[in-house]
Amino acid sequence: MGEHKTSTPTPHNSARLGEIAKTVLMPGDPLRAKMIAETFLEGAKLVNNVRDVQGYTGTYDGVPVSVMASGMGMPSMGIYSYELYNFYDVDNIIRVGTAGSFHKDVKVRDVVLAEGACTDSNYAAQYALPGTFSPIASYKLLSAAASVAEEMGVRFHVGNVVSSDRFYNDVENSLDWAKMGVLAVEMEAAALYMNAARAGKHALAICTVSDHLVTGEDTTVEERQSSFTAMMEIALRVAAKMGR
Ligand code: HPA
């Protein structure tokens with residue numbers, strides 16, 4: 001088994017041990033991380049800036065919370081979340097991103113709590129299991145997020161997503177996942193869930209639906225912003241609950 005030396009800083013993260021909170025919110029986009037830190041966190045301090053993947057730590061409702069981008073796709077999410085769980089003693093990672101809907105009832109701007117994450121990636125091969133692995137969300141984070149979303153009156157769905165290695169497919173057959181009840185496609189949750197499982201930690205992916213692969217419906221920049229704010233508020237309230 002490949003055990004890695006748990007040393008910080010790492011080649012991808014210049015934060016020192018203790019500078020990252022127990023709960024980390026991960027958008028895909030580094031600029032989003034900066035915006036979240038500036039808009040929602042109190043006393044946010046830049047703790048990582050390697051490759052402009054800005055990581056910030058501040059507080060929300062008095063609870064320490066960090067926010068750092070995952071980048072796009074499973075290899076990138078795989079690196080950052082592995083280091084956070086295994087080198088920085090992080091307990092909870094909440095991905096906050098976007099997804100494309102497969103399902104007529106899952107509309108643009110709705111929130112999807114990814115209970116499970118199917119994948120077309122080979123990420124699980126590293127565990128050499130005698131079968132397929134089902135990457136799932138942490139029930140602790142999932143149930144907290146569902147209660148918060150309900151309290152807030154946000155339109156949300158709980159179910160499977162598919163984490164794809166490709167945004168552009170030579171043969172467009174991603175909709176086949178819909179016949180198995182999969183709600184939406186994104187590109188990071190499965191790697192996050194597998195890293196959490198392997199480390200004995202907690203993960204949840206919360207996505208807002210930015211586009212619809214069946215109806216072709218799309219969101220404007222402004223709409224994206226307001227549903228993003230709702231998703232952020234769910235994630236931050238869950239993070240605050242984890243700190244108590
Ligand atoms: N594919 C993959 N990831 C996505 C999509 C998509 O259509 N929309 C938002 N994230």
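For VAL158, are the conditions met, namely being crowded, with 21+ Cβ neighbours inside 10 Å and part of a strand (DSSP E or B)?
For VAL158, the condition - crowded, with 21+ Cβ neighbours inside 10 Å and part of a strand (DSSP E or B) - is not met.
Confirm whether SER143 is within 16 Å of the ligand (Cβ to nearest atom), hydroxyl-bearing (Ser, Thr, Tyr) and at pLDDT 95 or above.
Here the answer is no, as SER143 does not meet what is asked.
Which residue out of SER164, SER147 is without any contact (Cβ under 8 Å) to a residue 60 or more places away in the chain and open to solvent by 40 Å² or more (accessible area, probe 1.4 Å)? I'd like the intermediate steps shown before the answer.
Working: SER164 fails: open to solvent by 40 Å² or more (accessible area, probe 1.4 Å).
One residue alone meets the criteria, SER147.
Scan ARG198, ARG166 and give me the residue that is assigned to a helix (DSSP H, G or I) and out of contact with any Phe, Trp or Tyr (no Cβ under 6 Å at 6 or more places or on another chain).
Just a single option satisfies the conditions, and that option is ARG198.
Test LEU204 against the stated conditions and say whether it is open to solvent by less than 40 Å² (accessible area, probe 1.4 Å) and within 16 Å of the ligand (Cβ to nearest atom). Write out each step before concluding.
On the way: open to solvent by less than 40 Å² (accessible area, probe 1.4 Å): yes; within 16 Å of the ligand (Cβ to nearest atom): no.
Judged against the criteria, LEU204 is not a match.
From the list LEU41, LEU17, which residue is farther than 23 Å from MET231 by Cβ and in contact (Cβ under 8 Å) with a residue 24 or more places away in the chain?
From the options LEU41, LEU17, the qualifying one is LEU17.
Restricting to the range 170-200, and then to whatever is surrounded by fewer than 19 Cβ atoms within 10 Å (Cβ to Cβ) and closer than 23 Å to SER81 by Cβ, can you tell me which residue is farthest from the ligand (Cβ to nearest atom)?
GLY200
Test SER210 against the criterion of being touching a residue at least 60 places away in the same chain (Cβ under 8 Å), of a type outside the set (Lys, Arg), crowded, with 17+ Cβ neighbours inside 10 Å and within 11 Å of the ligand (Cβ to nearest atom), and give yes or no.
Judged against the criteria, SER210 is a match.
As an exercise: evaluate THR229 against (1) buried (at least 20 other Cβ atoms within 10 Å of the Cβ); (2) of a type outside the set (Asp, Glu); (3) in a helix (DSSP H, G or I) and give the number of the one condition it does not meet.
Of (1) buried (at least 20 other Cβ atoms within 10 Å of the Cβ); (2) of a type outside the set (Asp, Glu); (3) in a helix (DSSP H, G or I), only one is false for THR229: (1).
The values are calculated or read from the model by the stated rules, or taken from the named source; none is laboratory data. Predicted, not measured: the structure shown is a model, and the values here were computed from it. Note: ideal-geometry Cβ built from the backbone for every residue, glycine included; neighbour counts use all protein chains shown. The accessibility values were calculated without ligands, DNA or RNA, using every heavy atom of the protein model including side chains. Shrake-Rupley method; radii C 1.70, N 1.55, O 1.52, S 1.80 Å.
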